[in-house]
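Any read-out appearing in this document is the output of simple, stated calculations on the displayed coordinates, not a laboratory observation. These numbers were taken from a predicted model, which means no experiment stands behind them. Glycine also receives a Cβ, built like all others from the backbone with ideal geometry; neighbour counts cover every protein chain displayed.
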Ligand SMILES: [Zn+2]
Ligand SMILES: [Zn+2]
């Protein structure tokens, strides 16, 4: 079990954050915008209620870009590390990239709250095999906003 709070940050250390509680949901996204934006075949995001995130330092070093889907992504302008994103379709929650947690920490979600999303958009050569639920498109607020 993950003991909260947990901390994370960007590669260069300019931006540091604390997460106060477990992720509502974790999504492994296979869409083309995540693929290009983060240069990775699959990108993992965690949702938390807005009040669960505290940026400890470097907020002024975050650059926000809006990608075509309307998602606002924030990254460190010094090292380019992506940290957070916001989707106006789900204003109750924010997303962070749990791969940026210190020491590979687990974001604390329950196993049933972990999904593959936008599997229909994955790169043709991406192969993955695991037992997690797979969704052709996204999951709704019922999954993203469920606390514990
Ligand atoms: Zn940085
Ligand atoms: Zn995506």
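Based on the alpha-carbon gyration tensor of region 58-140 and its eigenvalue square roots a ≥ b ≥ c, which shape applies: rounded if a/c is under 1.5, prolate if not and a/b is larger than b/c, or oblate? Taking the square roots of the gyration eigenvalues as a ≥ b ≥ c, region 58-140 is prolate. Sorted from longest to shortest, the spans of the Cα atoms of the chain along the three principal axes equal 38, 31, 29 Å. When both region 62-122 and region 1-17 are represented by their alpha-carbon centers, they are found 14 Å apart. Counting only DSSP beta bridges with both residues in the chain, the antiparallel share comes to about 85 percent. Between residue 88 and residue 33, the FRET efficiency from the beta-carbon distance, with R0 = 22 Å, is close to 0.90.
Which residues in region 43-60 have a backbone N closer than 15 Å to a point placed 7 Å from the Cα of residue 20 along the Cα-to-Cβ line? Under 15 Å, as judged by backbone N against the label point of residue 20, lie 48-56 of region 43-60.
When only Cα pairs under 8 Å and 6 or more residues apart are kept, what is the percent relative contact order across region 88-148? Working shown, then result.
Details: 39 pairs, mean separation 21.7, N = 61.
Computed value for region 88-148: 36 percent relative contact order.
Taking every C-alpha pair closer than 8 Å and separated by at least 6 residues, the mean separation divided by the residue count of the chain gives a relative contact order of 30 percent. What residues from region 1-27 fall in the zone where the backbone N is under 14 Å from a label point 7 Å along the Cα-to-C-beta line of residue 79? Once the point is set 7 Å along Cα→Cβ of residue 79, 8-17 turn out to lie under 14 Å by backbone N, inside region 1-27.
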